[in-house]
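Since the structure comes first, as structure tokens, the remarks are kept for the end.
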């Protein structure tokens, strides 16, 4: 599945991958080697902990590789009159105004205003234009939104 991502987001994933492969992996290998020297591995908590950390690190490395390999850069030449991935949308709802930036799932951070195009709200906003009104089903029921601006 394609993962839409900003150039900054892609760089962040690549940096984390390099850190995990270049620093974290060797550190864990060293800890495993040190723990093996302590003797009986069946009752060695340090060894078990290091092996668990190794498994978690390797799993994240594979996840990062998959995200990077399946990433599609967000279109820098998007049409500003339509909401697309990468747009920052100002909406009004319940007398409040809020800005949301539509991103791919890897960059989603709803608390910071970055919503995935795969969420109900993100999907509902895609393709809409300034002035459009929409109703989105949220956990507490349905909310009415009006698009005030698109950047």
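Computed from the coordinates by the stated procedures, all read-outs in this text should not be read as laboratory data. Computed from a predicted structure; not experimentally measured. Here the Cβ positions follow ideal geometry from the backbone for every residue, glycine too, while neighbour counts run over all protein chains shown.
Each of 112, 42 has some number of other Cβ atoms within 10 Å of its Cβ, and from fewest to most they run 42, 112.
Site pair residue 118 and residue 90 shows an inter-label distance of 3.1 nm when each label is modelled 7 Å from Cα along Cα→Cβ. Taking only Cα atoms and a 10 Å spring cutoff, compute GNM fluctuations for the chain and point out the largest among 55, 131, 141. Top of the fluctuation ranking is 141.
With neighbours defined as other Cβ atoms within 10 Å of a residue's Cβ, the residues 93, 114 order from fewest to most as 93, 114. Using alpha carbons only, how many degrees (0 to 90, rounded to 10) separate the axis of helix 25-36 from the longest principal axis of the chain? The answer is roughly 30 degrees. Taking Cα atoms only, the orientation of helix 45-69 departs from the longest principal axis of the chain by about 40 degrees.
When the chain is treated as a GNM with alpha-carbon contacts under 10 Å, the residue of 106, 50, 33 showing the greatest mean-square fluctuation is 33. Inter-label distance, residue 109 to residue 129: 3.3 nm, where each label sits 7 Å from its Cα along the C-beta direction. Simple spin-label estimate for residue 18 and residue 98 gives 3.6 nm between the two label positions (7 Å along the Cα-to-Cβ direction from each Cα).
The distance linking region 95-113 with region 35-49 is 45 Å (Cα centroid to Cα centroid, whole angstrom). Working note: 222 nm ellipticity from helices only, DSSP H runs with n ≥ 4, each -39,500 (n - 2.57), summed and divided by the residues of the chain, gives -12000 deg cm²/dmol to the nearest 500. Taking Cα atoms only, the orientation of helix 7-19 departs from the longest principal axis of the chain by about 10 degrees. Extension gain, residue 52 to residue 149, is 30.1 nm, computed as 0.36 nm per intervening residue step minus the present C-alpha separation. Shown here: the chain, whose C-alpha atoms stretch 70, 36, 23 Å along the first, second and third principal axes, sorted largest to smallest.
The residues 109, 117, when put in order of fewest to most other Cβ atoms within 10 Å, stand as 109, 117. Rg/Rh, computed from the Cα trace of region 3-73 with Rh as the Kirkwood radius, has the value 1.16.
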